[in-house]
1. Answer with yes or no whether Arg65 is at pLDDT 90 or above and out of contact with any Asp or Glu (no Cβ under 8 Å at 6 or more places or on another chain).
2. Have a look at Ala146, Ala159 and point out the one that is over 20 Å from Lys45 (Cβ atoms) and touching a residue at least 40 places away in the same chain (Cβ under 8 Å).
3. Looking at the range 233-245, which of its residues are surrounded by fewer than 12 Cβ atoms within 10 Å (Cβ to Cβ), more than 30 Å from the chain's Cα centre (by Cα) and part of a helix (DSSP H, G or I)?
4. Just checking, does the range 165-187 include any residue being under 16 Å from Glu84 (Cα atoms) and in contact with a Gly (Cβ under 9 Å, 6 or more places away or on another chain)?
5. Of all residues in the range 278-298 being of a type in the set (Gly, Ala, Ser) and touching a Leu at 6+ places or on another chain (Cβ under 9 Å), which is modelled with the lowest pLDDT?
6. Do the conditions hold for Phe190, that is, is it in the same structural domain as Ala28 (by TED's automatic domain parsing), out of contact with any Asp or Glu (no Cβ under 9 Å at 6 or more places or on another chain) and under 16 Å from Asn352 (Cα atoms)?
Amino acid sequence: MNPFQYGAELKPSQMVNRKSEIRDVTRALMEHGRVFLLGPRRFGKTAILRAASAAAERQGAIVIRLDAEAYPGVDGLVRALVLESARKLKSDVTQTGEKILRFFSRLRPVISYDAAGNSWSASLHAPPAAGADQTPMFIEAIDGLARLAAAARQPTAIAIDEFQKVIELGGETTEAQIRAAMQRHTALGFILAGSKTTLLNDMTLNPARPFYRLGIRHFLGPLPREEFVHFITRGFEGGHYRVEARAVQDILDLAQDVPYNVQALSSVAWELLGEEGGDALTAKLILRALKLLVERDGPFYLTVWNGLTTVQQRVLAAAVHQRGVAMTSGSVTQKYRVSASTMSKTLKFLENREILRREEQKDSFRWRLEDPFFAAWLRD
């Protein structure tokens, strides 16, 4: 079996480190805590939520874990919350239906059970009109979950991945309404995870915003290299392959220490070793694996590239070739034929499109591509 997995949620056994994050999230799920889990995409937030939720559920907790980006509107997220609540209740079908209708009475859900598929389905009796503020509906769902927790007498928590989507979809008062609900329901745990780090940092660190100092903040950065080196080396040696130390370092360098990309490049290298009958992980093999990965995603990268204007393409190319440093300096703007103000606006646009991300450093910052393999495609 290929020991390197990507493209799906990692199992706890496939994760590297993140022990303190899993511990704190598990504790918050069990003890009605509040945790903000922040970090760029592909850094393992979803895997942490899965591992912590599983650990809490083994200890008897009810955990409602949802991905806000999986739903086009807040009403879809609310329906999913109601359905997950039905699935988590340990009672017969009739009792479960009655409880759900009682806990979420103000939402007036229409709920039914399919015995053949062993599944619940639900709709909201009076969904909001198009364009209406859906935040009150979400608050009522939280209130209903609190009623469920009181009746169940078990630790109960909600974990929302890509939480910033709820804020983006809501109105101006969304943050304040959610904060009020979180403060009101002290018997519920809240884990809010997100990848738009600039937005979420401001939400949680700005004293003028409602979520300021509301809970523990965990910011996910790159994993310690020593542990990743050990993980990669152990994985290939488990397949009886000889491992060159330089090759492992190349994997981390080319993947820019992004956990998802490290797993992806290692996985493709494993595939090549099996197909070619090789016996060693070498630097040359890693370059071939990178080329194969970039070719596979080439059509996607081309679509993204063609969707940008000429100026946006120049700025993106500058971010790659200048390593994202001093992007508004005279030397860079002159070289790529854009003004400093246009450079700033375009960088922000590419950040909003989740093509670039701003990475804070000790005394400065730099711009990096969300997908380091897109950078490799651009260099070619």
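1. No, not satisfied.
2. Ala146 is the lone residue from the list that is over 20 Å from Lys45 (Cβ atoms) and touching a residue at least 40 places away in the same chain (Cβ under 8 Å).
3. Ala245 - this is the single residue of the range 233-245 that is surrounded by fewer than 12 Cβ atoms within 10 Å (Cβ to Cβ), more than 30 Å from the chain's Cα centre (by Cα) and part of a helix (DSSP H, G or I).
4. Of the range 165-187, the ones under 16 Å from Glu84 (Cα atoms) are none.
No - not one qualifying residue is present in the range 165-187.
5. Filtering first and then ranking leaves Gly278.
6. Details: in the same structural domain as Ala28 (by TED's automatic domain parsing): yes; out of contact with any Asp or Glu (no Cβ under 9 Å at 6 or more places or on another chain): yes; under 16 Å from Asn352 (Cα atoms): no.
For Phe190, the condition - in the same structural domain as Ala28 (by TED's automatic domain parsing), out of contact with any Asp or Glu (no Cβ under 9 Å at 6 or more places or on another chain) and under 16 Å from Asn352 (Cα atoms) - is not met.
The values are calculated or read from the model by the stated rules, or taken from the named source; none is laboratory data. It should be emphasised that the depicted structure is a prediction, and the values quoted were computed from it without experimental measurement. Methodologically, a virtual Cβ is constructed for each residue, glycine included, from the backbone with ideal geometry; neighbour enumeration extends over all protein chains shown.
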